[in-house]
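Notes for the one structure printed next.
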Amino acid sequence: RSPNPRMDKRTMCTVEKRGRVHLITLTGAGEHRLSPSLISALRSALATVRASPSAGALVLAAEGKYFSNGFDQAWARTVPPHLHDSMRGAFRALVADLLALPMPTVAAVTGHAAAAGCALALAHDSVVMRASRGFLYMSEVDVGLKFADYFGELLRQKVPDAAARRDMVLGGNKMTAAEAVRLGIVDAAADGGVEDVVAAAVAAAEGLAARGWDGEVVAEIRKAMWPAVWGKVKDHPAAARPRL
C-alpha cells in the first residue's frame, strides 16, 4: 500500500463480492478522512458495483479503529478556501450516489463515525454497528464548523427522536451502539471485532438480496421516502456519475 493513501485512490478502498453482496472496504489503519481522493475512490467503487449484473446488495465497511473521522481537515488547511466547497460538493454527490443505488445498502460501522463519517453511515438503508467500540458523533459544534444543509435533512430523517437529535447536533454527544439501537438509529449492534461486524452486515445484506427486489424500484422508493434529502443532493453539479 502507498505510504500516503490520499495520494493514490486505488489503495484507499477495495471492492469484493461475498455471495450476492458487494463489499466496499476503506483500507488501512488510519482515520479514513473524507478527502477529495477518498470520496472519488468511493464513488468509483459504487459505480463498479452499480455496473455489476450480479449485485444484489451493498455493504460499506472500514478497517482499523475508525469507520470515518469526517472531512479531511488537514487537506483543507493546505488548499485555498474555495476548494473546501469542492470537497463538500463531492461528498454531496456521494450521498446522491448512495440514495440512487439500485440495491439495498448496509453500513458496517466498524469503528468511530464522526461528522461527515457519521453522515456517510446514516446515508445507508441500514446500519450495523460494533457493540464494543466506536460511536456516532456530529463534531461540528465542538470544532466550530457550520453544518451542510443536507446533513440537517439527513439527520432529521435518520435520527427520529428530537431530543436525541438535538443532543447529537447541538450538544456534540457521542452515541454508543447500544444508545443508537435503543433510539432506532442503528439496526443492530454486533459483538466482536471488525470482521464480526462486517460478517453481521453482510448477512443482513444477503437476506435483503435474497428478496430478489427490482433494484431500480428500490432506488425510487428510497428517494420518495427521503425526499428532502434527495432534493438537496440530486442536482448538485458533482453528482454526475464517475466513469468506471
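The values are calculated or read from the model by the stated rules, or taken from the named source; none is laboratory data. It should be emphasised that the depicted structure is a prediction, and the values quoted were computed from it without experimental measurement. Backbone-built Cβ (ideal geometry, glycine too); neighbour counts: all protein chains shown. When the accessible area is computed, the model is the full protein with side chains, heavy atoms only, and any ligands, DNA or RNA have been set aside. Shrake-Rupley method; radii C 1.70, N 1.55, O 1.52, S 1.80 Å.
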Which of the residues spanning segment 102-114 are within 22 Å of His32 (Cα to Cα) and over 11 Å from the mean Cα position of the chain (by Cα)? Thr110, Gly111, His112
Single condition Gly184 does not satisfy, out of (1) within 18 Å of the chain's Cα centre (by Cα); (2) of a type outside the set (A, V, I, L, M, F, W, C); (3) part of a helix (DSSP H, G or I): (3)
Going residue by residue through segment 188-204, is there one that turns out to be open to solvent by less than 50 Å² (accessible area, probe 1.4 Å), within 20 Å of Val59 (Cβ to Cβ) and either among the polar types (S, T, N, Q) or assigned to a loop (DSSP other than H, G, I, E, B) (or both)? yes
In segment 100-123, anything of a type outside the set (A, V, I, L, M) and more than 20 Å from Arg20 (Cβ to Cβ) is listed as Thr110, Gly111, His112, Gly117, Cys118
Which condition from (1) modelled with pLDDT of 95 or more; (2) in contact with a Pro (Cβ under 7 Å, 6 or more places away or on another chain); (3) not basic (Lys, Arg) is the one that Thr11 breaks? (1)
Mind counting the residues in segment 168-187 that are among the hydrophobic types (A, V, I, L, M, F, W, C), touching a residue at least 40 places away in the same chain (Cβ under 8 Å) and open to solvent by 40 Å² or more (accessible area, probe 1.4 Å)? 2
From the list Asp125, Asp196, which residue is closer than 25 Å to Arg222 by Cα, acidic (Asp, Glu) and at pLDDT 95 or above? Asp125
